[in-house]
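Report on the following structure.
The values are calculated or read from the model by the stated rules, or taken from the named source; none is laboratory data. Predicted model, so just to flag it, every value in this text is computed and none were measured. Ideal geometry is used to build each Cβ from the backbone, glycine not excepted, and the neighbour counts take in all protein chains shown.
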């Protein structure tokens, strides 16, 4: 948040920070599941680092000839959001790894997830799931539907570029993928799936 404020000041842009804290118990379970599927599907099993994802990210970086530092877990993202800047460098990545190690050994998984969901950026000046839910869908985060949850989770890789209520191809495909996994895992039942598809067509198809 401080980084964004400094960025706006440098660019002479006028924005405000909006953030409302809510406990994990007051968030939609659909949103929690959707974010885990989208951002860190092994969250409950790893100890801060998903080595398979890191290996794949490195392979992609080598092929692309660029160093993008992909494969970050939710714990790594939280360490970055709390203590570091978004500026990419090898030194920031090292600091992030140390901080992640400390977070995983001092906080429970539920606390790490609660902190992440309350602090992650979801748009220009929009931080945390509660503000994101109210801003984009006009409701509290606990009332988010599976489709809305999938849409919010879909924009996390680039929340300042994408809008969860829009029709950008990337968001449509990614949210459908997340939603489909929720169906397969029984997070959403088949009856809701049929109603949800109709609702999505009406809400996002215009």
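Among residues belonging to the stretch 60-73 that are exposed (fewer than 11 other Cβ atoms within 10 Å of the Cβ) and part of a helix (DSSP H, G or I), point out the one that is modelled with the lowest pLDDT.
In the first step, residues of the stretch 60-73 are kept if they are exposed (fewer than 11 other Cβ atoms within 10 Å of the Cβ); the result is 62-66.
Filter once more, so that each one left must be part of a helix (DSSP H, G or I): 62-64.
Numbers: 62: 46, 63: 56, 64: 51.
Of everything passing the filter in the stretch 60-73, 62 is modelled with the lowest pLDDT.
If a residue must be crowded, with 16+ Cβ neighbours inside 10 Å and either out of contact with any strand residue (DSSP E or B) (no Cβ under 7 Å at 6 or more places or on another chain) or in a loop (DSSP other than H, G, I, E, B) (or both), how many such residues does the stretch 9-45 contain?
Summing the residues that are crowded, with 16+ Cβ neighbours inside 10 Å and either out of contact with any strand residue (DSSP E or B) (no Cβ under 7 Å at 6 or more places or on another chain) or in a loop (DSSP other than H, G, I, E, B) (or both) in the stretch 9-45 gives 15.
Which numbered condition trips up residue 90, out of (1) more than 20 Å from the chain's Cα centre (by Cα); (2) at pLDDT 85 or above?
(2)
If you take the residues of the stretch 117-162 that are within 19 Å of residue 179 (Cβ to Cβ) and in contact with a strand residue (DSSP E or B) (Cβ under 7 Å, 6 or more places away or on another chain), which of them is surrounded by the fewest Cβ atoms within 10 Å (Cβ to Cβ)?
Top of the filtered list is 159.
Regarding the stretch 62-70, can at least one residue be identified that is farther than 20 Å from residue 41 by Cβ and in contact (Cβ under 8 Å) with a residue 24 or more places away in the chain?
So in the stretch 62-70, the residues farther than 20 Å from residue 41 by Cβ come out as 62-67.
Pick out the ones that are also in contact (Cβ under 8 Å) with a residue 24 or more places away in the chain and you get none.
Scanning the stretch 62-70, I find no residue that is farther than 20 Å from residue 41 by Cβ and in contact (Cβ under 8 Å) with a residue 24 or more places away in the chain, so the answer is no.
Which members of the stretch 137-175 meet the condition of being more than 17 Å from residue 120 (Cβ to Cβ), part of a loop (DSSP other than H, G, I, E, B) and either under 12 Å from the mean Cα position of the chain (by Cα) or without any contact (Cβ under 8 Å) to a residue 24 or more places away in the chain (or both)?
Across the stretch 137-175, the qualifying residues are 138, 139, 168.
Counting just the residues of the stretch 74-103 that are in contact with a helix residue (DSSP H, G or I) (Cβ under 6 Å, 6 or more places away or on another chain) and loosely packed, with under 15 Cβ neighbours inside 10 Å, which one comes out farthest from residue 118 (Cα to Cα)?
By that ranking, first place goes to 85.
Which residue is farthest from residue 156 (Cα to Cα), if the candidates are limited to the stretch 176-206 and must be modelled with pLDDT under 90 and assigned to a loop (DSSP other than H, G, I, E, B)? Give the derivation first.
Step one: filter the stretch 176-206 for residues modelled with pLDDT under 90, giving 188-206.
Of the ones still in play, those that are also assigned to a loop (DSSP other than H, G, I, E, B) are 188-189, 205-206.
On the way: 188: 21, 189: 25, 205: 21, 206: 23 Å.
For the stretch 176-206, the residue satisfying everything is 189.
Considering each residue of the stretch 112-130, count those that are part of a helix (DSSP H, G or I) and either more than 23 Å from residue 49 (Cα to Cα) or more than 11 Å from the chain's Cα centre (by Cα) (or both), and give that number.
Going residue by residue through the stretch 112-130, those that are part of a helix (DSSP H, G or I) are 112-119, 129-130.
This time we only want the ones that are either more than 23 Å from residue 49 (Cα to Cα) or more than 11 Å from the chain's Cα centre (by Cα) (or both), so: 112, 114-115, 129-130.
Going through the stretch 112-130 one residue at a time, the tally reaches 5.
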